[in-house]
Amino acid sequence: MADGVVGAALSTAGHGEDRYRDRLSGISEEAGKLMTAENDSPAEAYLRKTIGDWLTGQRAQTIRPFHWALEFPEVMRRGGFDAVVGNPPFIGGKRVSGAIGVDVREYLKQRIANDKPGNADLCSYFLLRDLTIADSGRTGIIATNTIAQGDTREVGLDQAVDRGWHIYRAVKSQPWPGTASLEVSLLWIGRMAESERYHLDDRFVKGITPSLDPKSGVSGNPYRLAANTGQSFIGSYVLGMGFILETERAQELIDHDPRNRDVLFPYLNGEDLNTHADCSAARWIINFHDWPLSRARAYPEIIRIVEEDVRPERSQKNPRTYAGLMERWWLYWRIRAELLKAISGLDRVLVIALVSRTALPMWVSTGQVFSHKLGVFATDRPASLALLSSSLHSAWAWKKLIHDEGGPELFAFRCI
């Protein structure tokens, strides 16, 4: 019966409460029969098959739910555990669906995270679940330091604090003591007694925010400015090394047929931006824009390269994660049409490397393809560069966007 409740929730995740209740109603008659039937009854066979399909979804193996109320009835009757200690598995927010299934991802969002949107890392859902089974007790977890950043923080720690829990002790970031190269956070969360004090890293503080900073006179999360909507973007997500060409090879193709210049462009990434004095691209890239295949085939030399070098690579990708990828194998995975539209009338734009400790914007020409590792500001106003380069702005951006908000990629969305 418990598997049926979970299976119904999984199979209808993302489709609303009515669908979930209808699914439960659909097996209620067989469930009633099962309570009084002998083993191996038709009702049991039907339920095992139906619920098994729900718990399998599109996976190769069936999920086996863990039911706290059945495994620890004496604990759950009294409201939960005195303490929960854990080291949840790490799966990055954008990889959760591909790793555990879209249905599980939607189930976590809907049932565990109270429908809070965002590409949160898996550890934030573990945190919220730990708190529900700890009830009035304490929870301690070790997690990657993304627990206090961006969407992961908004889904996990922000909601925990809003529900009345206190982060009463924390280590914001420290190297993992093992062989893996990553930074972790240590968290102690609970309902505090009046005599308790907050302890952050190696000192006592007035309070600890969800960003794992000392509470101050001005606390809270930064928000996007509505006036800046449509001014900053991430570059194109190509997804295919076969698109990329050495400069010499691109020039040969253009010399052989000048029409090839229509689909060959410099390809600028963060490394080029931060290592070349003139911020020039070191390589070129094939770009069929958003064209249909029939138009792309008008450039036989170029489409042949993509067909031989990109198409086989993409065929190895998970079709659930990259739905429709092979149907448009000659195009980028994410063309960023909104970016191209915003910069169409500009000769230059500001760009910034998203994976870098420099966080310095630079002017570059628009006649090239920008990597998804670049943030692009659709402006050619000199005042924008002055603002982004100012020491006050840089200090704030490092603190609130690059460190607390989960990396420089959010820099491009929240400050101009």
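Derivation of every value follows stated rules applied to the coordinates shown; laboratory data play no part. Everything numeric in this text was worked out from a predicted model, so none of it was measured. In this analysis, Cβ positions are derived from the backbone assuming ideal geometry, glycine residues included, and neighbour counts consider all displayed protein chains.
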Of all GluC sites (Glu not before Pro) in segment 1-72, which ones are in loop regions per DSSP and have a Cβ with at most 11 other Cβ atoms within 10 Å?
GLU38
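Determine one quarter of the surface area of the Cα convex hull of segment 322-376, which equals its mean projected area, and express it in nm² to one decimal.
Values: hull surface 18.9 nm².
That works out to 4.7 nm².
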What percentages make up the Cα-Cα pair-distance distribution of segment 72-220 when the bins are 5 Å wide from 0?
2, 10, 19, 22, 20, 15, 9, 3, 1, 0
Take the Cα radius of gyration of the chain and divide it by 2.2 N^0.38 Å, with N its residue count; two decimals is plenty.
1.20
At what distance in nm do the modelled label points of MET1 and GLU246 sit from each other, each positioned 7 Å from its Cα along Cα→Cβ?
7.0 nm
Looking only at segment 72-220, where both bridge partners belong to it, what percent of the DSSP beta bridges are antiparallel (to the nearest 5)?
75 percent
Mean projection area, nm², convex hull over Cα of segment 171-328
17.4 nm²
Based on alpha-carbon positions alone, could you give the equivalent ellipsoid semi-axes of segment 1-118 from the gyration tensor, as √(5λ), descending, whole Å?
26, 20, 14
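Using the Kirkwood radius over C-alpha pairs as Rh, can you work out the diffusion coefficient of segment 1-65 via Stokes-Einstein at 37 °C, viscosity 0.692 mPa s, in µm² per second? Intermediate values should be presented prior to the final figure.
Values: Rh = 12.1 Å.
Reported coefficient: 270 µm²/s.
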Under a point spin-label approximation (7 Å from Cα along Cα-to-Cβ), what is the TYR322-ARG203 distance to one decimal in nm?
4.8 nm
Mind listing which trypsin sites (Lys or Arg not before Pro) in segment 47-150 are in a DSSP loop and have 12 or fewer other Cβ atoms within 10 Å?
ARG78
Can you spot the lysines whose alpha carbon is less than 27 Å from LYS373's alpha carbon? Ignore those fewer than 8 places along the same chain.
LYS94, LYS116, LYS172, LYS317, LYS341, LYS399, LYS400
Segment 1-79 and segment 243-261 have their Cα centres apart by a whole-number Å value of 59 Å
Among residues other than ASP202 whose Cβ falls under 14 Å from its Cβ, what is the net charge (Lys/Arg +1, Asp/Glu -1)?
+3
Using alpha carbon centroids, what distance separates segment 81-141 and segment 148-213, in Å?
16 Å
Phi-derived 3J(HN,Hα) across segment 260-275 with the Karplus relation (6.51, -1.76, 1.60, θ = phi - 60°), rounded Hz, x for Gly and Pro, is 4, 5, 5, 10, 10, 9, x, 10, 9, 10, x, 5, 4, 4, 9, 10
Charge sum, other residues only, whose C-beta stays under 10 Å from GLU246's C-beta, Lys/Arg counted +1 and Asp/Glu -1
0
